[in-house]
Amino acid sequence: MRIEFDRDTCIGMYQCVDEWEAFQKNMDEGKADLEDSEEVDDQLFVREVPEDAEFDAEFAARVCPVDAIRVYDDDGEQLVP
(Lines give C-alpha, C1' and ligand atoms only; values in the text may rest on other atoms or scores of the structure.)
Protein backbone atom coordinates (compact mmCIF):
# COMPACT_ATOMS: atom_id res chain seq x y z
CA MET A 1 0.00 0.00 0.00
CA ARG A 2 1.18 3.52 -0.73
CA ILE A 3 0.01 6.97 0.26
CA GLU A 4 0.20 10.17 -1.75
CA PHE A 5 0.08 13.56 -0.09
CA ASP A 6 -0.56 16.70 -2.14
CA ARG A 7 1.03 19.22 0.20
CA ASP A 8 0.05 22.15 -2.03
CA THR A 9 -3.64 21.29 -1.43
CA CYS A 10 -3.13 20.96 2.34
CA ILE A 11 -4.75 23.77 4.35
CA GLY A 12 -3.19 22.91 7.70
CA MET A 13 -6.18 21.56 9.61
CA TYR A 14 -3.84 18.79 10.88
CA GLN A 15 -6.60 16.19 11.21
CA CYS A 16 -4.25 13.69 9.55
CA VAL A 17 -1.71 14.32 12.33
CA ASP A 18 -4.21 13.05 14.88
CA GLU A 19 -4.78 9.85 12.90
CA TRP A 20 -1.29 8.71 11.84
CA GLU A 21 2.02 9.61 13.41
CA ALA A 22 3.69 9.76 9.97
CA PHE A 23 2.02 13.14 9.51
CA GLN A 24 3.57 15.97 11.49
CA LYS A 25 2.58 19.59 11.99
CA ASN A 26 4.75 22.13 10.23
CA MET A 27 3.67 25.28 12.02
CA ASP A 28 6.15 27.47 10.11
CA GLU A 29 4.49 26.68 6.80
CA GLY A 30 0.95 25.98 8.07
CA LYS A 31 0.86 22.56 6.45
CA ALA A 32 1.44 18.95 7.42
CA ASP A 33 4.58 17.02 6.52
CA LEU A 34 4.63 13.31 5.63
CA GLU A 35 7.68 11.74 7.23
CA ASP A 36 9.87 9.32 5.27
CA SER A 37 8.25 10.34 2.00
CA GLU A 38 9.75 11.20 -1.36
CA GLU A 39 8.75 14.26 -3.35
CA VAL A 40 7.87 12.79 -6.75
CA ASP A 41 6.46 15.98 -8.22
CA ASP A 42 6.20 19.57 -7.03
CA GLN A 43 4.63 19.30 -3.55
CA LEU A 44 3.46 15.69 -4.17
CA PHE A 45 4.89 13.30 -1.60
CA VAL A 46 4.69 9.50 -1.71
CA ARG A 47 5.66 6.73 0.67
CA GLU A 48 4.93 3.09 1.32
CA VAL A 49 2.62 2.33 4.22
CA PRO A 50 3.76 -0.37 6.65
CA GLU A 51 1.22 -3.17 7.12
CA ASP A 52 0.71 -2.28 10.78
CA ALA A 53 -0.16 1.32 9.82
CA GLU A 54 -2.61 0.69 6.97
CA PHE A 55 -5.73 1.45 9.01
CA ASP A 56 -4.23 4.68 10.37
CA ALA A 57 -3.10 5.81 6.92
CA GLU A 58 -6.54 5.17 5.44
CA PHE A 59 -8.20 7.06 8.27
CA ALA A 60 -5.80 10.00 7.87
CA ALA A 61 -6.87 10.19 4.22
CA ARG A 62 -10.56 9.96 5.08
CA VAL A 63 -10.48 12.84 7.57
CA CYS A 64 -8.62 15.27 5.30
CA PRO A 65 -11.14 18.06 4.63
CA VAL A 66 -9.61 18.94 1.23
CA ASP A 67 -8.78 15.42 -0.04
CA ALA A 68 -5.04 16.10 -0.15
CA ILE A 69 -4.30 12.47 0.80
CA ARG A 70 -4.90 9.44 -1.40
CA VAL A 71 -4.25 5.79 -0.57
CA TYR A 72 -3.59 3.07 -3.17
CA ASP A 73 -3.36 -0.69 -2.82
CA ASP A 74 -0.43 -2.70 -4.17
CA ASP A 75 -2.16 -3.03 -7.56
CA GLY A 76 -2.43 0.75 -7.91
CA GLU A 77 -6.17 0.88 -7.24
CA GLN A 78 -7.22 3.95 -5.27
CA LEU A 79 -8.71 2.97 -1.92
CA VAL A 80 -9.30 6.41 -0.48
CA PRO A 81 -9.86 9.46 -2.67
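Okay, here's what the table says:
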item: Other-chain or far-sequence residues with amide H under 5 Å of residue 31's (modelled H); result: 26
item: Karplus-derived 3J(HN,Hα), 6.51/-1.76/1.60, for each residue of region 16-25, Hz, glycine and proline x; result: 5, 4, 6, 9, 8, 5, 5, 8, 10, 6
item: Residues of the chain: accessible area per residue with a 1.4 Å probe, Å²; result: 60 Å²
item: Estimated D of region 13-52 in µm² per second, where Rh is the Kirkwood radius over Cα pairs and Stokes-Einstein applies at 10 °C, 1.306 mPa s; result: 145 µm²/s
item: Square roots of five times the Cα gyration tensor eigenvalues for the chain, Å; result: 18, 13, 11
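The values are calculated or read from the model by the stated rules, or taken from the named source; none is laboratory data. Everything numeric in this text was worked out from a predicted model, so none of it was measured. Accessible surface areas use protein heavy atoms only, side chains included; no ligands, DNA or RNA. Shrake-Rupley method; radii C 1.70, N 1.55, O 1.52, S 1.80 Å.
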